Structures are given as C-alpha cells and as structure tokens.
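What follows is one structure encoded as structure tokens, with my remarks underneath.
The values are calculated or read from the model by the stated rules, or taken from the named source; none is laboratory data. Computed from a prediction, not measured in an experiment: that's the story for all the values here. Heads up, the Cβs are rebuilt from the backbone with ideal geometry, glycines too, and the neighbour counts pull from every protein chain shown. Accessible surface is based on the protein model in full, side chains and every heavy atom, while ligands, DNA and RNA are left aside. Shrake-Rupley method; radii C 1.70, N 1.55, O 1.52, S 1.80 Å.
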Amino acid sequence: MLRMTTLASALALIAGGALAEEIKVGVSPGEHAEIMEEVAKIAAPKGLEIDVIEFSDYVVPNQALADGDIQANSFQHQPYLDNQVKDRGFDLVPVATTITTPMGLYSSKIASLDDLPEGAQVGIPNDPTNGGRALLVLQDLGQIKLAEGTGLTPSVLDVTENPKGIKFQELDAAQLPRSLADLDAALINTNYALASGLNPKTDAIATEKADSPYVNIIVVRNGDQEQPWVKTLVEAYHSPELKAFIDEKYQGSVITSW
C-alpha cells in the first residue's frame, strides 16, 4: 500500500496521475531550514516531496551530497562552495541563487562599534571562506586593513593594520553565538544568529554591506542539473509565494535574490 506523507502529495498524485518524486535537501539551522520547509509546501502540489535535512555545521552537507545521501543542499554561498571543491574535490555545481544573509557583528558587552576596546577579543568563523568574509567586514568597518590581492579568502595573517590590536579568536561558526559571553564581539552568520535568538536588525552593532558577493545557492551533484526535480525545486524557491513569506517573516534581515 502506498504511503503518502502529506495531503499535498496525495493531491499531486491524483492531479498528475504519477507518483510524486521524493528528494532530500540538506540545510543549516535557522533561516535556511525554515525557508526550505516553506519551499517543500509549495513544491508538494507540483509533484515533488522535499525531505528537509538539517546539518549543524558547514562541512557535512557537501560531503553528504557528494556521497549521495541527499540530492541537493541549500546553505552556502559560491565562495564557500568554490573553496570546498578546491580542498575536497567535490563534483558539485550551483543551479540557482537563493538569499543573502548579511553577516553581523554582535556583542553582549558593548552597544556600539565605537566602544570596541583596545585588544578586543573578536570571534570569527574558523573556516577559510567565512573567516575571510568576517575579516573583510571588519575592514569595511574601518577596524583593520588587509593586504592587497587576498580576494575573498584573507586570513588573519593578511592583516596589515590593526590599530586597536584586535585579538582574533577563530571558532566554529555554530559556536560563536554561544561564545559571546567570553568575547568582546563576534562576527556571526545570520543563520546561526537567528537560531540563537539574535535579531540581525536589532541586535547587531554593525552589519555587512548589502552589496556583498555572498549570495547563497542551491547545489546539486554535477550531472543532475537537468533533472526534472531540479527545475521544480528552483521554481518553488523562486516563487512569489516564497518571496512574500521571506519578506514578511524576516523583515529585511534576509534578502531574496530574485
């Protein structure tokens, strides 16, 4: 006997005369997971069942995709994917852009960037892409200067000017919100900020510029780009219904790319 997991899937079966296709999509906690759950609702009547799988870090979703444990993921930007492909040899490709989530500077000790003390302990993600992103944000905020030619992945070794003598604490991105009590400030990705109850619009003491190159993407294995389910997934994500959901729920802290 065929088991239907949702009413929408049953309706899709009746309307389309064919079995609904099922895929697993990996996401990170917070807005990526919440948005993909909404995408699943939009995709179900179109004959696509999406099982949303949450991963607690940034490394496992690409490994799971490469291993065939999931069919797509939606959690990363192009610079991060490029770095993963280079370092780990994944044969993964983007099929659509999704959202931009500006990185924010948060603190439980100071209320203004001007209050950042001499020798401040500042947390940044310990992966090369998001760590470099954090350093670029600090440069844009006038707190440090980086060597020329480092592109989108500078490291702390590329800091050429550091007037306040900031001491960088490189931690796993997911740990940064929990480490605020031990730091003067931290650069935190929006998904981990939201998952920890931090509001990027009201709690961040400074934010990344809106024109950053870090738009997020949907990624699949190379060779799957033309699969029918990819088209349905992207259409559901780029739908007017999802855009309205994001605009209403996140009030500008998450920006759509379409």
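Can you run the Rg to Rh ratio on the range 98-170? Use alpha carbon positions and the Kirkwood inverse-distance Rh.
0.95
Quick one: putting +1 on the C-beta of Lys and Arg, -1 on the C-beta of Asp and Glu, what dipole do you get for the range 155-258 around its Cα centre, in Debye to the nearest 20?
120 debye
Apply the Karplus parameterisation 6.51 cos²θ - 1.76 cosθ + 1.60, with θ equal to phi minus 60°, to every residue of the range 230-235 and state each ³J(HN,Hα) to the nearest whole Hz, in sequence, with x for glycine and proline.
5, 4, 5, 4, 5, 4
So how much accessible area does residue 160 have, in Å² to the nearest 10, using a 1.4 Å probe?
Estimated to the nearest 10 Å², residue 160 gives 90 Å².
If you project the alpha carbons of the range 119-206 onto the principal axes, what extent comes out on each, in Å, largest first?
Projected onto its principal axes, the Cα set of the range 119-206 covers 36, 24, 22 Å.
Work out the length of the dipole vector of the chain about its Cα centre, built from +1 on the beta-carbon of each Lys and Arg and -1 on the beta-carbon of each Asp and Glu, and round it to the nearest 20 debye.
200 debye
Among 26, 108, 52, whose Cα sits farthest toward the positive end of the charge dipole of the chain (+1 at Cβ of Lys/Arg, -1 at Cβ of Asp/Glu, about the Cα centre)?
Farthest towards the positive pole: 52.
Calculate the all-directions average of the projected area of the range 50-174's alpha-carbon convex hull, and give it in nm².
For the Cα atoms of the range 50-174, the hull's average projected area reads 9.0 nm².
Could you state the orientation-averaged shadow area of the convex hull built on the Cα atoms of the chain, in nm² to one decimal?
14.6 nm²
Quote the relative contact order of the chain in percent (integer), defining contacts as alpha-carbon pairs under 8 Å separated by 6+ residues.
The normalised contact order for the chain reaches 27 percent.
Using a 1.4 angstrom probe on the protein heavy atoms only, could you order 60, 27 from most to least accessible area?
Ranked list, largest accessible area first: 60, 27.
Report in % the part of the accessible area of the chain that belongs to carbon and sulfur, leaving out ligands and nucleic acids; probe 1.4 Å.
Answer for the chain: carbon and sulfur cover 49 percent of the accessible area.
Provide Rg and Dmax in Å for the range 153-258, with only Cα atoms included in the calculation.
Cα only, the range 153-258: 17.9, 54 Å (Rg, Dmax).
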